[in-house]
Amino acid sequence: MITTLKIIFSILFVWMSYVVISTSMESNLLKEWDFLGSIPWMRATLWDFYANVLVIYLWVCYKEKGVLLKIVWLVLLVMLGSIATIAFVLIQLFHLKENEGLKELFTARNE
C-alpha cells in the first residue's frame, strides 16, 4: 500500500508541477488577477483552497516539531498549494520505516 501511495503521489507531484509551470508560461496570474477576482466561482475556489490549506496545515503542525519548519510549510502551502501538499505527503511516505503503514503516516510525529 505504501509503495502504491508513493507512486501515485510522485505522479501527482510531476503532473501538478507540469500543469502549474505550463499554465504560468501561458498566462500571467498577476495580470489577470482583477478579472479572475471578479468571477464569483473564482472567489469561492480561493476560499475553498485556503480552507483546505488550514486543514492540511493543522496536520503539518502536529507532525512537525520545529517552529521554523511549521512556518516554512505554511508559506509553501499558501504559495504552491497542492504541489506543497503532495511534497509534504511524499516526504512523510519516504520517512516511513519498512514495517510502518498508514497509521504511522498520519499519527507519528517527525523527529
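Is it fair to say V20 is of a type in the set (A, V, I, L, M) and without any contact (Cβ under 8 Å) to a residue 40 or more places away in the chain? Considered against the rule, which asks whether it is of a type in the set (A, V, I, L, M) and without any contact (Cβ under 8 Å) to a residue 40 or more places away in the chain, V20 comes out as no.
Within segment 1-17, the set of residues being of a type outside the set (K, R), in contact (Cβ under 8 Å) with a residue 24 or more places away in the chain and part of a helix (DSSP H, G or I) comprises I2, L5, F9, S10, L12, F13, M16, S17.
Counting only helices (runs of 4 or more DSSP H) that sit wholly inside segment 36-111, those with at least 1 residues that are farther than 21 Å from I2 by Cα, aromatic (F, W, Y) and modelled with pLDDT of 90 or more are 40-63, 67-80.
The values are calculated or read from the model by the stated rules, or taken from the named source; none is laboratory data. Keep in mind that this is a model prediction, so the values were computed, not measured. Methodologically, a virtual Cβ is constructed for each residue, glycine included, from the backbone with ideal geometry; neighbour enumeration extends over all protein chains shown.
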